[in-house]
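Nothing in this text is a laboratory measurement; each read-out follows from the coordinates by a stated rule. Since the model is a prediction, treat every value here as computed from it, not as a measurement. So basically every Cβ, Gly included, is an ideal-geometry build from the backbone, and we count neighbours across all protein chains shown.
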There are 2 protein chains.
Amino acid sequence: MTRERLYLYDTTLRDGQQTQGVQFSTSDKMQIARALDELGVDYIEGGWPGANPTDSAFFNEAPKTRAKLAAFGMTKRAGRSAANDEVLAAVMNAGTDTVCLVGKAHDYHVSAALGITLDENLENIGASIAHIVAQGREALFDAEHFFDGYKDNPDYALAACRAALDAGARWIVLCDTNGGALPAEVGRIVTEVIAAGIPGDRLGVHTHNDTENAVACSLAAVDAGARQIQGTLNGLGERCGNANLISLIPTLLLKEPYASRFETEVTEHALAGLTRVSRMLDDILNRVPMRQSPYVGASAFAHKAGLHASAIVKDPGTYEHIAPERVGNARIIPMSNQAGQSNLRKRLAEAGLEVARDDPALGLILDQIKEREDQGYSYDTAQASFELLARAALGQMPEFFEVKRYKVTVERRKNKYNRMVSLSEAVVVVKVDGEKRLSVSESLDDTGGDRGPVNALSKALAKDLGQYSAVLEDMRLVDFKVRITQGGTEAVTRVIIDSEDGKGRRWSTVGVSPNIVDASFEALLDAIRWKLVRDS
Amino acid sequence: MTRERLYLYDTTLRDGQQTQGVQFSTSDKMQIARALDELGVDYIEGGWPGANPTDSAFFNEAPKTRAKLAAFGMTKRAGRSAANDEVLAAVMNAGTDTVCLVGKAHDYHVSAALGITLDENLENIGASIAHIVAQGREALFDAEHFFDGYKDNPDYALAACRAALDAGARWIVLCDTNGGALPAEVGRIVTEVIAAGIPGDRLGVHTHNDTENAVACSLAAVDAGARQIQGTLNGLGERCGNANLISLIPTLLLKEPYASRFETEVTEHALAGLTRVSRMLDDILNRVPMRQSPYVGASAFAHKAGLHASAIVKDPGTYEHIAPERVGNARIIPMSNQAGQSNLRKRLAEAGLEVARDDPALGLILDQIKEREDQGYSYDTAQASFELLARAALGQMPEFFEVKRYKVTVERRKNKYNRMVSLSEAVVVVKVDGEKRLSVSESLDDTGGDRGPVNALSKALAKDLGQYSAVLEDMRLVDFKVRITQGGTEAVTRVIIDSEDGKGRRWSTVGVSPNIVDASFEALLDAIRWKLVRDS
C-alpha cells in the first residue's frame, strides 16, 4: 500500500517566539533552522519580516535549507491593494519561496477586532493570496480562530477558507488560536470541512495547548483527513504553547495507525537525534530540560516502581511503549528506597561495575543507600554520587586527594562609590600525592559581579589538584538545586549539582548538611571525583 | 436534563510518588490529602500500605476526609488464599473503606512477569476482590496493561475485567500502564468493552503521558462511556506522568460537551482555588511552577503577541478560551496595566492598604513588581515582601534601621578529636537611632551542631536592634526555600523565608541574588521589617 504524504510545518521561530521570556537572537534562529532542517520538517517558518529587527535580519541571512523557508505575515488591510500594503510588502521582500498569511475566519473578529465588513475581509484574503501566487510563490492561509468561527458561523468560516483556496493557496491551515478546542470537536469539524469540499490534502492544522490537548487535536485533525501539522519544538509558543512536534514526530513515525499510513521527510536516523534537538533548544533558551517530557525527557524511560523495575530487567517491552534508543533517549532504573537488588545490579552494570548476583556488597550498598536516604540524600537523580558510593563499597574507589579544611567568607559592605557590593572568597586546603596545597579564589565573574560562595568554593577546589588539575579543565557546573528536607529528626539542606564536560557528558551529584555551603561542597567534591574516575 | 455523575480518583500520593526525584514525607501527604479533599475529588489513593514506612505511617494517621481514602495493593499471589497473602493483608490492615488492587489483564504479562497460568491469574483477581467485598469494603480493580492486552487478546483482557466485576468490584479501571495508547484507540476500545457487557458507569480510565496524550485519552474514554478518571495533581507520576487532573478538572467543568452532561463534587468555589492547589504542590516539591501549564501556569493567560494584546483589551473573549479567574489565575498583558490594577488594589486592601482607583502609585507599584519579577523575584507567595514594596511606593514605610555591612564565615576543619566539623559565624553592623551597633553570632544549636551561615546571620541581625529588639523576641524562622531561577540573562538564587511569631502570625518574604547568602539576608531583612511594621 502506498503511504500518504504528511507534511510538518515548524513555527518555533515565529509562534515559538511568542513564549513569555523567549527572545531569539539571529544566530539562535540560524542554529535552530539548521537543526529543524536536519530533523526533516517540510517547512520552517522563520518569522514576520518587518515586525522586528531580528526577524528581518534572519531572512536577510537566509540559511540554505532542504526544508522550505516560510515568511509569515497578515492579509492586506482593507481600502488598499495587496501591492500597496506596506506590511505585506515587507513580508514579500524577504524573498522566500513560501509565504504564510494569517487572516480572520471568525465573523465576530472581523467586526470586533478589524472593524470592517465581512465581504471586505474575504476580499482581503483572496487578493492577498492571489498576490503571492502571481509572484510564483507558494501561499498558505492561516485561518485564525477557525474552530470558534466555525461553531458560530460555519458558512462564513468556510467562505474565508474558500476565498484563499480559490485564489490559489496551497494550504488552508485551520487554527485553534485561543487553544480552546477539544480533540473530538476538531475531528468532527475537520470531517465537515472536507465534506464541504475543501480537500484534506490542502488542509493543515494549528493548535495550542491551553487544555493540554494540542498534540491530540493535531492527531484528531489528521485522523479526519488533514495532511499538514503546524507545531513547535518542545511545544514553545504563546500562553501554554503550540502543538509539540517533539512529541508528535515519534508518534507519527513509530505508532499505529500513523506509521503504516503516512510518510514524512523525517528519517530513522534523524529521529534518533530527537532528544539532542530538544535539549539543544533548551540550551539556547538556558532552560533546564523537563525531566518528564514525552519521548525525550530524562525520566521518560525511568522505572522507579519496584514492580515495574523488576519486570523491565526481564523484558524492557513490558513497561516501555517504544525502545528509548529510537528517539535517542536512554532507559534509567533509578535507585531509591523502592528498589531491590535486581535493579541495583543493572544500575551498577550501566556504570561499568559488574557485580555477581550473590555478592554481599549488594546488600551493603542497599543498606547504605537506605541509611543515607533517611539522612536526606536522594539518589534518584544523583546517579554519579550513587556510583561513587557503590565504588567505595566495592573497594573500587581511588582516594585521589584529601580535603584538609576550607573556609569561605561572604562580605557585604559599601564600596568607594557608596554602593552596597558583596564579595565571596574561598580557601581550600587539600593533600595530593602527599603534598599539601592551598588555593584561594573569589566569586567574581567577568563583569565583576559576585556569584556567591559556592562559585568561589568550586573554583578554589578545582584550582590546584596537582596531577588531576588538567582533567578538570573541560568541566563546568551547569545547574544547582537546593531543597530543605527532613534528615532524621531535623531539617537539612540537600544540594544537587549538575556538571558537564567537553566530551558532552552530564552528571548529577548530591550533598546534604544543615549548612548549605557544606552541602554544596560535598556535591562539588563528588562531581570532581566522578570526573576523575572517568578520565584520570 | 439530569446530568450524569463523573468520578475523579486522585493517585498523586501513590502513582505521583513514582515520579523520579519525588519522595513525600508523611506530613507532605497529609497536606496534599487535605488539599485534594477541599478540591472535591471523590477518591484519594494514599499509597501502598506495607510497601514503605511513609505510606504505612500516612494510613495510621488517616486524615478525616469527605473524599474516600483508598489503599492500593496488588491481587494475591497464586498458591495461597487471599486471607493468607501477607502483602494483601498489609493493604487490608490499613483499614480504609476503599481498596484498589492492580492485577494483570495482558496474557503476555501473566506468563512473562508472573510466570503463572492464565486461569490462576483470573482466580487471583476474583478471590482478591471477593475478599475485599466480603469485609464490607468497596473494591476497585486496576486492570494493568489493559489496552495492550486487549489489542493482543481481547477475550483474556475482558475475562480479567469480568473476574473482578463478578466478584463485586465497584470499578474496573482500564489502565494504559506504559502510556503507549493513543486517544482514538482508547475511545474505540472503551466502546467495545461497554458493548461486551461491562457497564460504562463501572468503568474507570488510568492513563500516562508518554505520548503527551494522557488528558486526551481520559477524555476519549469518557466520550466512549467510562465514568471514572484517575489522575494526579500537576500530572505527577512514573516516567512522563499520569493524566493531569489540574488540566482535566476545568475542562470537565467549564467546557462542552462535559459541562452540560456531567456533574462532579468539584464546586465553582473550589475550582477558583485550582491555581493555588497546583502551586502548593510545587512548593512542597520545591519545584518552580511551569509557566506554560494549561489553566494554572503564569503564562496561561499572558498575551505577548501585539495583535492579541490589543484585541484582548477590547474584549478578553477574543483570545481567551475561558476567563482566568474561574481557575484562580490572572491575565497578563505586557504594556498594559489595565487588567492588573484592580487585582493590585484588592491585594493591597488585604494588607490593610486602601488606595484610590486613580492613585498613580498603582502604576508605579505594578512597574516595580514587573521589573523585580524580571530579576527573579516572585510575589505569588511572598505577600509580606509585596506589602513592604507597596508601602515604600506609597511613602508608608518607616526606615527603622540601616544595615551598614555584614560578614559571614563558614569554616570546615578537623577538631581536636580528628573529626571534620563545621562552624559558621556572622558579624552584622547596623545603624539604629543614629547609633552604630555591631553584633556577632555563631551557628551552633543546643546540641553543638552547625546550622549554617543563614542561621548565624539571622541571629546576629536580630541580636541588637536597640528599641526594636524587644518586638523581635517572639519571632522565629520556620521555613526556608531556595530556588535557582532566571534573573535577566543569568541564573540567580531566590530565597523564600517563612517566619512565625508568638501571636500565631506566619509571613513569607523573598530575596534574590546570585549569592545565596545575600539572597537569604535580603529575605531575613524583609521578615524583620514586616514584623516591625506590625508591632512597633
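Can you tell me how much longer the chain between residue A:325 and residue A:280 gets when fully stretched, taken as 0.36 nm per residue apart minus their C-alpha distance, in nm with one decimal? The partial results should precede the final answer.
Values: separation 45, 0.36 × 45 = 16.20 nm, distance 1.76 nm.
Length gained between residue A:325 and residue A:280: 14.4 nm.
In terms of the Cα gyration tensor, with a ≥ b ≥ c the square roots of its eigenvalues, is the stretch A:189-280 rounded because a/c is under 1.5, prolate because a/b exceeds b/c, or oblate? Mind dumping the intermediate values first?
On the way: a/c = 2.37, a/b = 1.31, b/c = 1.81.
Oblate, since a/c reaches 1.5 and b/c is not below a/b.
Just how far, in whole angstrom, is the stretch B:104-126 from the stretch A:439-474 if you go by their alpha carbon centroids?
Here the two parts' Cα centres lie 58 Å apart.
Choose one of A:418, A:172, A:159: the residue whose Cα lies farthest towards the positive end of the charge dipole of chain A (beta-carbon charges +1 Lys, Arg; -1 Asp, Glu; about the Cα centre).
My answer, from the dipole projection, is A:418.
Return the lysines within reach of residue B:76: Cα separation strictly under 25 angstrom, same-chain partners fewer than 8 residues apart disregarded; answer none if there are no such residues.
Residue B:76 reaches A:304, A:314, B:68, B:104.
Straight-line reach from residue A:407: which lysines have a Cα under 23 Å away, not including same-chain ones fewer than 8 places off?
Qualifying lysines at Cα under 23 Å: A:431, A:436, A:459, A:463, A:481, B:407, B:414, B:416, B:459.
Among B:248, A:527, B:229, whose Cα projects farthest towards the positive end of the dipole of the protein assembly as shown, with charges put on the beta-carbon of Lys, Arg (+1) and Asp, Glu (-1)?
Farthest towards the positive end: A:527.
Using only Cα atoms and rounding to the nearest 10 degrees, what angle (0 to 90) does helix A:516-535 make with the longest principal axis of chain A?
90
Under 1.5 on a/c is rounded, so check that first for the stretch A:50-102, then, if it is not, pick prolate when a/b is larger than b/c and oblate when it is not; a ≥ b ≥ c are the square roots of the alpha carbon gyration tensor eigenvalues. Let's see the in-between values first.
Working: a/c = 2.62, a/b = 1.81, b/c = 1.45.
Prolate, because a/c is 1.5 or more and a/b exceeds b/c.
Copy-to-copy spacing for residue B:359, label 7 Å out on the Cα-to-C-beta vector, in nm, shortest first?
Values, ascending and in nm: 6.9.
What share of the DSSP beta bridges in the protein assembly as shown is antiparallel, in percent to the nearest 5? Don't jump to the answer; show the numbers that get you there.
Details: 91 of 165 bridges.
Bridges in the protein assembly as shown are about 55 percent antiparallel.
Net charge near residue A:444: determine it from the other residues with C-beta under 13 Å of the C-beta of residue A:444, scoring Lys and Arg +1 and Asp and Glu -1.
Every neighbour counted, the sum reads -4.
Using the Karplus curve 6.51 cos²θ - 1.76 cosθ + 1.60 with θ = phi - 60°, what ³J(HN,Hα) values do you get for each residue of the stretch A:23-39, in whole Hz, with x for Gly and Pro?
With the stated coefficients, the stretch A:23-39 comes to 8, 6, 7, 4, 6, 4, 4, 4, 5, 5, 4, 5, 5, 5, 5, 5, 5 Hz.
What average number of partner chain Cβ atoms lie no more than 10 Å from the Cβ of the residues making up B:314-320? Don't skip to the answer; put the middle values down first.
Values: counts 3, 4, 0, 4, 9, 10, 5.
Taking all residues of B:314-320 together, the mean is 5.
Using the crude model of +1 on Lys and Arg Cβ and -1 on Asp and Glu Cβ, and no other charge, please compute the dipole size for the stretch A:4-266 relative to its Cα centre, in debye to 20.
Numbers: 21 positive and 35 negative charges, 87 e Å.
For this selection, approximately 420 debye.
Please report the net charge: other residues with Cβ closer than 12 Å to the Cβ of residue A:79, K and R +1, D and E -1. Each step should come with its number before you reach the end.
On the way: positive: A:76, A:77, A:80; negative: A:85, A:120, A:123.
Residues close to residue A:79 contribute a combined charge of 0.
Can you show me the helix-derived [θ] at 222 nm for the protein assembly as shown, built from DSSP H runs with n ≥ 4 at -39,500 (n - 2.57) apiece and divided by the number of residues, rounded to the nearest 500.
On the way: 36 runs with 398 residues, N = 1072.
Computed mean residue ellipticity for the protein assembly as shown: -11500 deg cm²/dmol.
Starting from the Cα gyration tensor of chain A, take the square roots of the eigenvalues, sort them a ≥ b ≥ c, and report rounded, prolate or oblate (rounded when a/c is under 1.5, otherwise prolate if a/b is larger than b/c, else oblate). Don't jump to the answer; show the numbers that get you there.
Values: a/c = 2.77, a/b = 1.83, b/c = 1.51.
Prolate shape, in that a/c is at least 1.5 and a/b is the bigger ratio.
Size of the dipole of chain B about the Cα centre, Lys and Arg at +1 and Asp and Glu at -1 on the beta carbon, nothing else charged, in debye to 20? Mind dumping the intermediate values first?
Numbers: 61 positive and 73 negative charges, 280 e Å.
It works out to roughly 1340 debye.
Can you list, shortest first in nanometers, how far residue B:64 lies from the same residue in the other copies, with each label 7 Å from Cα toward Cβ?
With the label placed 7 Å along Cα→Cβ, residue B:64 yields 7.7 nm.
Magnitude of the Cβ-charge dipole of the protein assembly as shown, K/R +1 and D/E -1, about the Cα centre, nearest 20 debye?
Numbers: 122 positive and 146 negative charges, 527 e Å.
Computed charge dipole of the protein assembly as shown: roughly 2540 debye.
Run the reach check for residue A:531 against aspartates and glutamates, Cα to Cα strictly under 15 Å, same-chain hits fewer than 8 apart removed. What comes back?
Straight-line reach from residue A:531, under 15 Å: A:387, A:399, A:473, A:474, A:498, A:500, A:501, A:522.
Per residue of B:284-295, what is the mean number of Cβ atoms on other protein chains within 10 angstrom of that residue's Cβ? List each step's numbers first, then the result.
Working: counts 0, 1, 6, 2, 2, 0, 2, 6, 12, 4, 11, 4.
The per-residue average across the peptide is 4.
On average, how many beta carbons from a partner chain sit within 10 Å of the beta carbon of a residue in A:474-482? Provide the component values of the computation, followed by the final result.
Numbers: counts 0, 0, 0, 0, 1, 2, 5, 7, 9.
What the average comes to for A:474-482 is 3.
Which value, in Å³ per residue, describes the convex hull spanned by the Cα atoms of the stretch B:1-155?
Details: hull volume 23.7 nm³, N = 155.
Here the figure is 153 Å³ per residue.
For residue A:74, enumerate residues with amide H under 5 Å from its amide H, sequence gap 5+ or separate chain, H modeled in the peptide plane.
It is A:102, by chain and number.
From the residues A:300, A:392, A:196, which one has its Cα farthest along the dipole of the protein assembly as shown in the positive direction, the dipole being from +1 and -1 charges on Cβ of Lys/Arg and Asp/Glu about the Cα centre?
Result: A:392, furthest along the dipole toward the positive end.
Report Rg(Cα)/(2.2 N^0.38 Å) for the stretch A:325-459, keeping two decimals. Can you show the working numbers first?
Numbers: Rg = 21.0 Å, N = 135, 2.2 N^0.38 = 14.2 Å.
Cα Rg divided by the expected 2.2 N^0.38 Å: 1.48.
Which angle between 0 and 90 degrees, to the nearest 10, do you get for helix B:338-350 versus the longest principal axis of chain B when only C-alpha atoms count?
Between the helix axis and the principal axis of chain B, the angle is about 80 degrees.
How about the stretch A:349-383: which GluC sites (Glu not before Pro) there lie in a loop by DSSP and see at most 13 other Cβ atoms within 10 Å?
Numbers: sites: A:350, A:354, A:371, A:373; in loops: A:354.
Here the GluC sites (Glu not before Pro) that fit, given the DSSP loop and packing criteria, are A:354.
For the stretch B:401-535, just run the numbers: alpha carbon Rg, then divide by 2.2 N^0.38 Å, N being how many residues it has. The partial results should precede the final answer.
Working: Rg = 15.7 Å, N = 135, 2.2 N^0.38 = 14.2 Å.
Expressed relative to 2.2 N^0.38 Å, the Cα Rg reads 1.11.
Find how many whole Å separate the alpha carbon centroid of the stretch B:16-68 from the alpha carbon centroid of the stretch A:223-249.
Measuring centre to centre over Cα atoms gives 35 Å.
On the principal axes of its Cα set, how long, how wide and how thick is the stretch B:4-266? Give whole Å, largest value first.
The Cα atoms of the stretch B:4-266 stretch 49, 42, 34 Å along their principal axes.
Nearest 5 percent is fine: what portion of the DSSP beta bridges confined to chain A is antiparallel? Let's see the in-between values first.
Numbers: 42 of 79 bridges.
Beta bridges within chain A, antiparallel portion: roughly 55 percent.
Measure nothing but the geometry: give the 0 to 90° angle between the long axis through the Cα atoms of A:245-254 and the longest principal axis through the Cα atoms of chain A, rounded to 10°.
So the helix axis and the longest Cα principal axis differ by about 90 degrees.
With θ taken as phi - 60° and the coefficients 6.51, -1.76 and 1.60, list the Karplus ³J(HN,Hα) couplings across the stretch A:113-122 in order, rounded to whole Hz; mark glycine and proline as x.
Going residue by residue, I get 8, 8, x, 10, 7, 5, 5, 4, 4, 4 Hz, with x marking Gly and Pro.
Quick one: Karplus J couplings for the stretch A:193-207, per residue in order, coefficients 6.51, -1.76, 1.60, θ = phi - 60°, nearest Hz, x for Gly and Pro?
Working through the residues one at a time gives 5, 5, 4, 7, x, 9, x, x, 7, 10, 9, x, 9, 9, 10 Hz.
What does the convex hull of the Cα atoms of the protein assembly as shown come to per residue, in Å³, rounded to a whole number?
Numbers: hull volume 203.8 nm³, N = 1072.
Looking at the protein assembly as shown, the number lands at 190 Å³ per residue.
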